[in-house]
Amino acid sequence: MGRSGSGKSTLMHILGGLLSFDSGEYYLNGEKIEKLKDRDGARLRNEKIGMVMQNFALVDEFTALENVMLPLDFHKKKISDKKKKAQEALEKVDMQEYARQICKTMSGGQKQRVAIARAIVNQPLLLMADEPTGALDRENSKMTLELFRHLHENGMTILLITHDPWVADQCDRILTIQDGCIL
Ligand SMILES: Nc1ncnc2c1ncn2[C@@H]1O[C@H](COP(=O)(O)OP(=O)(O)O)[C@@H](O)[C@H]1O
Ligand SMILES: [Mg+2]
């Protein structure tokens with residue numbers, strides 16, 4: 001948690017390998033993460049981290065299945081295997097029936113579920129979400145948190161950014177960030 005502009009998204013983007021950092025060291029599961037250009041680092045992140053971006057960041061013209069298959073492009077797997085993995089991820093978020101639907105025709109709650117499926121398709125150790133309930137009504141927020149809780153109960157670590165004390169209350173641990181520093 002932290003005020004707008006305090007650096008929450010920046011930290012998440014660094015942890016997710018979308019941004020580089022000027023100082024400090026980053027260890028993920030005991031492994032040191034080097035510069036962004038490092039292909040092994042990119043692979044490590046692709047396999048160990050899932051990210052749910054603010055406002056879903058789906059490719060709107062793609063179907064749910066195509067969106068969820070995107071992180072699998074990294075792997076040298078058969079298309080049919082990739083489809084199967086993506087379908088399994090959609091099942092986990094109860095969206096299997098919408099696999100062939102174009103994302104731009106979906107509700108916010110449905111888009112969020114597709115975004116989560118895409119983030120978990122590689123079964124990451126760490127799932128991060130930037131204000132995942134920010135654009136959702138209470139009912140869809142509850143659904144999203146229940147999904148996260150379920151994933152957490154099955155062993156996934158979840159780091160989420162929120163402004164909502166009701167959401168924070170349901171987390172095991174709250175970190176506060178202020179002016180770019182964790183308090
Ligand atoms: N540790 C930091 N060092 C330098 N700049 C930072 C740091 N943390 C955040 N910033 C800068 O602060 C600005 C706002 O950060 P952002 O992550 O978007 O905030 P939030 O998501 O909390 O609203 C960005 O321009 C970012 O580059
Ligand atoms: Mg932010």
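Of the residues 33, 49, 14, which single one is touching an Asp or Glu at 6+ places or on another chain (Cβ under 9 Å), β-branched (Val, Ile, Thr) and either crowded, with 17+ Cβ neighbours inside 10 Å or in contact (Cβ under 8 Å) with a residue 12 or more places away in the chain (or both)?
From the options 33, 49, 14, the qualifying one is 33.
Name the one entry in 127, 160 that is in contact with a strand residue (DSSP E or B) (Cβ under 6 Å, 6 or more places away or on another chain), within 28 Å of residue 29 (Cβ to Cβ), within 16 Å of ligand 1 (Cβ to nearest atom) and assigned to a strand (DSSP E or B).
The conditions single out 160.
Run residue 97 past the list (1) in a helix (DSSP H, G or I); (2) under 22 Å from residue 168 (Cα atoms) and report the number of the one that doesn't hold.
Result: residue 97 passes all but (2).
Residues checked against (1) surrounded by fewer than 17 Cβ atoms within 10 Å (Cβ to Cβ); (2) more than 29 Å from residue 14 (Cα to Cα); (3) at pLDDT below 95:
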| site | (1), (2), (3) |
| --- | --- |
| 72 | no, no, yes |
| 93 | no, no, yes |
| 96 | yes, yes, no |
| 99 | no, yes, no |
| 102 | yes, yes, no |
| 105 | yes, yes, no |
| 108 | yes, no, yes |
| 129 | no, no, no |
| 133 | no, no, yes |
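What about residue 118, is it part of a helix (DSSP H, G or I) and either within 16 Å of ligand 2 (Cβ to nearest atom) or under 27 Å from residue 167 (Cα atoms) (or both)?
Judged against the criteria, residue 118 is a match.
What is the one condition in (1) within 16 Å of ligand 2 (Cβ to nearest atom); (2) at pLDDT 85 or above that residue 18 does not satisfy?
It fails just one condition, (2).
Against the condition assigned to a helix (DSSP H, G or I) and of a type in the set (S, T, N, Q), how does residue 46 come out, does it pass?
yes
Based on what the data block shows, is residue 183 without any contact (Cβ under 8 Å) to a residue 24 or more places away in the chain and within 16 Å of ligand 1 (Cβ to nearest atom)?
Yes: the conditions hold for residue 183.
Identify, please: which residue in the stretch 142-163 is of a type in the set (S, T, N, Q) and within 15 Å of the chain's Cα centre (by Cα) and is, among those, farthest from residue 12 (Cα to Cα)?
Among those residues, the one meeting the criterion is 144.
Taking the stated definitions as given, is residue 52 within 20 Å of the chain's Cα centre (by Cα), within 16 Å of ligand 2 (Cβ to nearest atom) and on the phi < 0 side of the Ramachandran plot? It would help to see each step written out before you state the result.
Numbers: within 20 Å of the chain's Cα centre (by Cα): yes; within 16 Å of ligand 2 (Cβ to nearest atom): yes; on the phi < 0 side of the Ramachandran plot: yes.
It is true that residue 52 is within 20 Å of the chain's Cα centre (by Cα), within 16 Å of ligand 2 (Cβ to nearest atom) and on the phi < 0 side of the Ramachandran plot.
The values are calculated or read from the model by the stated rules, or taken from the named source; none is laboratory data. Note that the coordinates shown come from a computational prediction; the quantities given were computed from them, not determined experimentally. A quick note on method: Cβ atoms are made from the backbone with ideal geometry, for glycine too, and the neighbour counts reach across all protein chains shown.
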